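Accompanying notes for the structure given below.
The values are calculated or read from the model by the stated rules, or taken from the named source; none is laboratory data. Worth saying up front: this structure is predicted, and the values here are computed from it rather than measured. Please note: Cβ atoms are built from the backbone with ideal geometry, for glycine as well, and neighbour counts cover all protein chains shown. Quick note on the areas: whole protein, heavy atoms, side chains included, nothing else; ligands and nucleic acids left out. Shrake-Rupley method; radii C 1.70, N 1.55, O 1.52, S 1.80 Å.
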Amino acid sequence: MSLLTRRRLLRDAALSATAAGAARAGLAGAAVAGTAASTTALVAGCDADPDEAPHGSLRFPPGFRWGAATSAYQIEGAAKEDGRGASVWDTFSHTPGRTRNGDTGDVAADHYHRYAEDLDLMRDLGLGSYRFSISWSRIQADGSGRPNQRGLDFYRRLVDGLHERDIAPMATLFHWDLPQALQDAGGWENRDTAERFAEYADIVFRGLGDQVPVWLTINEPKTVVQNGYIWGHHAPGQRDPEAAYLVAHHLQLAHGLAVQALRATGAKTRIGPALNLHPCYPAEDTAEATTATRLYDGYENRLYLDSILKGAYPEDVLADLGPDSRMVRGIRDGDLKIISSPVDLVAVQYYTPIYVTAEGDTVSKWPTSEASWQQIYPEGMYDILTRVTRDYGPVPLTITENGLPCPDTLTADGTVDDAGRIDFLRDHFAAAHRAVSDGVPLESYHVWSLLDNFEWAEGYDQRWGLVYVDYPTQRRVLKRSAHWYRTVIRDNGL
Ligand code: FCB
């Protein structure tokens with residue numbers, strides 16, 4: 001195992017379990033360098049006073065779709081209803097010490113029961129697209145075998161409800177909630193899981209047919225690799241980099257097999273991966289930092305982009321992992337051909353940049369949000385979008401996640417003033433607009449998230465929603481950002 005991989009493992013393993021999400025982008029545990037990061041800056045972004053007056057000058061192209069995103073385990077609840085089986089996140093969140101306050105997704109935002117109300121909220125906001133995920137263990141309780149009709153029916157009702165409200169559904173097949181039975185059989189370390197995934201995908205494609213115009217295969221494979229298998233802050237909670245990169249390969253194999261499964265149904269709908277991409281910059285102006293950044297970028301971005309869009313893993317990453325690594329040994333003839341099955345679009349999730357030192361460590365240069373792994377740097381949105389277009393050609397892009405956690409509170413008069421979120425979104429929308437003006441074929445933008453929800457190891461502590469969820473009553477309240485977003489959508493711009 002390479003020096004870089006080992007250093008990352010050791011550094012991050014030193015973090016406490018409750019630093020959880022903190023390790024997200026490999027930023028936690030790193031020394032805070034640069035100027036701006038301070039405790040005040042941590043939440044200052046959330047208190048900012050936005051200039052809400054429409055600029056009127058940043059219009060997006062006609063037909064551009066504005067949306068919001070969620071995922072199944074984070075919002076649905078109803079963990080044991082209608083034949084749903086357990087997923088790795090049920091197991092993980094119910095294991096003492098794994099999540100903040102011991103929070104679980106058992107109830108979450110109770111969306112499984114309140115989806116009709118949530119659909120009405122989406123209509124009120126004027127959303128043109130809604131990105132959600134399907135829970136594999138609702139469709140196949142144990143991850144294989146006969147489909148559970150009640151699970152399929154739930155998503156059918158959701159999709160029908162979206163169409164009735166003129167909102168385009170965008171469905172992710174896998175947002176980290178692997179059926180526990182498959183984990184027991186080796187999870188993503190087991191190549192067979194990729195085959196099971198293709199079978200599940202086929203069931204869902206046939207069940208929901210052409211009603212879903214855009215499918216996304218796997219949400220952020222990199223987060224499963226890093227958080228699930230290197231740092232252990234996410235399910236399944238392992239700390240094994242050798243296993244991690246084999247998992248990276250199998251996740252991508254599963255992606256490719258699902259793309260092929262969709263084509264095999266003859267469906268006319270579109271499909272692509274959902275990748276969290278981090279623009280990587282040298283932290284210092286030295287040749288060593290530039291070299292280290294190049295390799296870091298390989299692990300963060302090219303390991304997923306090159307394989308899917310160019311049909312080859314990046315040579316520098318393969319060399320760094322070494323020929324005896326489990327990943328390299330696990331690649332079989334023909335795998336890259338499957339992985340690079342042509343996609344119709346690439347979904348980009350942008351939250352943070354990464355700054356890399358000569359030693360291959362990461363440092364912060366900008367204020368971080370409540371999520372300490374997130375540096376607020378809108379320019380990174382422009383950089384990553386233009387880079388994908390420059391390096392991989394004019395493949396259509398959609399932003400499927402971008403957002404900010406704020407310490408939102410519901411006031412006595414029933415409002416939530418999240419001015420900082422407006423600031424954040426406005427700056428990121430403007431950066432995306434600039435990318436579009438410079439020729440990036442970006443077709444839609446989904447804010448993370450529609451609702452406050454179960455933020456994985458951070459439980460319910462971090463609120464990322466446009467809509468506030470009062471968990472004891474499950475009441476929904478539009479935050480100030482939601483009202484503002486409605487005007488952005490109406491005007492198709494800022
Ligand atoms: C992304 C995840 C999403 C949510 C946001 C904050 O990495 O895909 O589920 O946790 O971060």
How large is the Rg to Rh ratio of the chain when both quantities use alpha carbon positions and Rh follows Kirkwood? 0.93
Where the Cα pairs of region 305-395 fall when distances are cut into 10 Å bins, in %: 13, 32, 34, 20, 1
With charges only on Cβ, +1 for K and R and -1 for D and E, what is the dipole size of region 381-494 about its Cα centre, in debye, rounded to 20? 340
Fraction of antiparallel bridges per DSSP, region 263-371 only, in percent to nearest 5: 25
Percent carbon-and-sulfur accessible area, region 190-263, ignoring ligands, DNA and RNA, probe 1.4 Å: 43
Just subtract the alpha-carbon distance of ASP344 and ALA312 from 0.36 nm times their residue separation and send over the number in nm, one decimal. 9.7 nm
Mean ellipticity per residue at 222 nm, deg cm²/dmol - from DSSP H runs of n ≥ 4 across the chain, formula -39500 (n - 2.57): -11500 deg cm²/dmol
Within the chain, cysteines having no neighbouring cysteine beta carbon under 4.7 Å are CYS280
Gained length - ASP285 relative to ASP413, 0.36 nm times residue gap less alpha-carbon distance: 40.9 nm
Taking the Kirkwood radius as the inverse of the mean 1/r across Cα pairs, report the Rg/Rh of region 389-484. 1.07
Taking LYS310 as the anchor, which aspartates and glutamates have their alpha carbon closer than 15 Å to its alpha carbon, excluding any fewer than eight residues away along the same chain? ASP335, ASP344, ASP391
Those GluC sites (Glu not before Pro) from region 353-458 that are DSSP loop and have at most 16 other Cβ neighbours within 10 Å turn out to be GLU359
Region 127-246, Kirkwood Rh and Cα Rg, ratio Rg/Rh at 1.01
